[in-house]
Amino acid sequence: MGVRRAVAACAGTVLGLLLGCAQGAGVGDQPGGGSCTPGTSIGCDCPDGGRGAQVCSPDGVSFMPCECSGVGTEGPVETEGEGDGNDEGSSSGAATTGANGACGDGSEDPGECDPADPAFCPEDCNEPVGTTGDPCADAPTFFGLIAGIGSRWEHAGFVGFAAGDAMCQELGADHACDYEELQQADARGELDDVPIGTTAWIHRTVDAPIPGGGISSPGLGGRCVDWTYNTNHLSDGEYIEFTPVGAVYNLDDDTFYDGTSAVHTQTDLLQCGGVVRSVMCCHAVCM
């Protein structure tokens, strides 16, 4: 047996949005001013000396920015009034998206609201750019913590995990966090402000990987008998520790508990009795 430690390092993901080449002519620049015919295009100058095209916006008020990506310097560029009015092929990637139309046609096609998608087209996006459409995507998980709690949780007439819920609700949260919620909050950076040196009890009800490729199953022997046990010889208590290098999950690789056997405990490392830790509180699960 031995405490298995896993360090979860949080790293934010930076999503880069590559803009096309600069405009050769500004939005609305067109011969003679006034409106234009939706879907038609005029030639424009690109920074590399080549020629691009500006497509008239769906509302016919002005021309879109000069599209240079994928437009070569050789050959004629279709101008307003020439051709059949179909501008497909005048630009690449973001200009022609999905199977139903081009960027700027006023219709949201697959991928047009995702900055990471080659089809990204904010003009046709019917939701704020960068959102996923999931109302829970930005909902916080972690609420706060209650320090100085022993392995036997008691509050407002409750004992055990229900007492943790009651404590958190009194704080203004919804419930005591479980292991999966702590991992989610950790990955999002929501635990970055927890003071270094803080330790908190882990309530784990799912399998968890341990170093060496093994799997630790959950059990009462890793949860201080669901937070009703306050001595050391029959059950262990898993916990999370906040260190300068991130959150360390101290998990038990033997969570067996039968109420009589004492050979499954690690009293020097994961003891239930004689220590106090924090109870982590979470927001309600976003539906």
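For 64, 280, what's the fewest-to-most ordering of other Cβ within 10 Å of each Cβ?
Working: 64 21, 280 28.
Starting with the residue having the fewest Cβ neighbours, the order is 64, 280.
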Exercise. Could you run the Karplus curve 6.51 cos²θ - 1.76 cosθ + 1.60 with θ = phi - 60° over segment 147-155 and give me ³J(HN,Hα) per residue in whole Hz, x for Gly and Pro?
Key: 8, x, 10, x, 6, 9, 8, 9, 6
Quiz item: With the Cα gyration tensor of segment 137-282 giving a ≥ b ≥ c as the square roots of its eigenvalues, does the rule (a/c under 1.5 for rounded; else a/b larger than b/c for prolate; else oblate) give rounded, prolate or oblate?
Solution: oblate
Self-check item: Burial ranking of peptide ranges 263-269, 108-114, 135-141, 226-232 (average Cβ count within 10 Å, highest at the top)
Solution: 226-232, 108-114, 263-269, 135-141
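At a 10 angstrom cut-off on C-beta neighbours, averaged per residue, how do the peptides 179-188, 52-61 rank from highest to lowest? Each step should come with its number before you reach the end.
Working: 179-188: 18.9, 52-61: 20.6.
So the peptides 179-188, 52-61, ranked by packing, come out 52-61, 179-188.
Each value in this text was obtained by applying a stated rule to the coordinates, not by laboratory testing. Note that the structure is predicted; figures quoted are calculated from it, not measured. Cβ: placed from backbone, ideal geometry, glycine included. Neighbour counts: every protein chain shown.
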